Amino acid sequence: MTEGRLRAAIAALALAGIGIAAYLTYARYSGTQIACSTGGCETVQHSRYAVVAGIPVAVLGLVGYVAILVTTFFRGATAAAVCVALAAFGLIFAAWLLVAQLALIHAICQWCVASDVVITLLSAAALMRYLLAFPRAGDAQALAGRAL
């Protein structure tokens, strides 16, 4: 897969994440009840784990997805490294929040799980992009050998 295709996939996934996070942010600040088939969304959104340092987790997710989207506007190794770092942080944070839903809150938010799926796929694509930008030394030697 080419860097351009990976950047497009990452951008599409980031836009999906932005949509989810924007909806949850809107619901939080407007007081709108979240559309939820699991019955746990409101419980999760109003738990003490839904805010970090006074900032709603949905807002943090929105900022994170926008930052990842911005990296797709740039080619090269630096953008790939920033993208994979942001995605990895998001994945680790999402994993912690999933554990909190299951073990501490005892409720599941379908929107949060959807975001978990998005950040997981996004992280995989970001890692592929990073590996494409930073080929291993052995791969570079093999490529050089083919050119001869």
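The number of residues in the range 34-59 that are outside any loop (DSSP other than H, G, I, E, B) and touching a helix residue (DSSP H, G or I) at 6+ places or on another chain (Cβ under 8 Å) comes to 12. A residue that is among the hydrophobic types (A, V, I, L, M, F, W, C), under 17 Å from residue 28 (Cβ atoms) and in contact (Cβ under 8 Å) with a residue 24 or more places away in the chain can be found somewhere in the range 78-98. Against the conditions (1) under 22 Å from residue 101 (Cα atoms); (2) in a helix (DSSP H, G or I), where does residue 13 fall short? Just the number, please. All conditions pass for residue 13, except number (1).
For the range 5-23, residues that are buried (at least 18 other Cβ atoms within 10 Å of the Cβ), over 13 Å from residue 62 (Cα atoms) and either modelled with pLDDT under 95 or not hydrophobic (A, V, I, L, M, F, W, C) (or both) total 1.
Which ones in the range 69-93 are buried (at least 16 other Cβ atoms within 10 Å of the Cβ), assigned to a helix (DSSP H, G or I) and of a type in the set (Val, Ile, Thr)?
Answer for the range 69-93, where residues must be buried (at least 16 other Cβ atoms within 10 Å of the Cβ), assigned to a helix (DSSP H, G or I) and of a type in the set (Val, Ile, Thr): 71, 82, 84.
With the requirement that a residue be polar (S, T, N, Q) and under 19 Å from residue 114 (Cα atoms), what does the range 1-31 give you?
Start the filter on the range 1-31 by keeping residues that are polar (S, T, N, Q), which leaves 2, 25, 30.
If the condition is that a residue be polar (S, T, N, Q) and under 19 Å from residue 114 (Cα atoms), then 25 is the only one that fits.
Scanning the range 32-68 for residues that are among the aromatic types (Phe, Trp, Tyr) and surrounded by fewer than 20 Cβ atoms within 10 Å (Cβ to Cβ) gives a single hit, 49.
The values are calculated or read from the model by the stated rules, or taken from the named source; none is laboratory data. Because the structure is predicted, anything quoted here is derived from the model rather than measured. Using ideal geometry, Cβ is built from the backbone for each residue, glycine included, and neighbour counts are taken over all protein chains shown.
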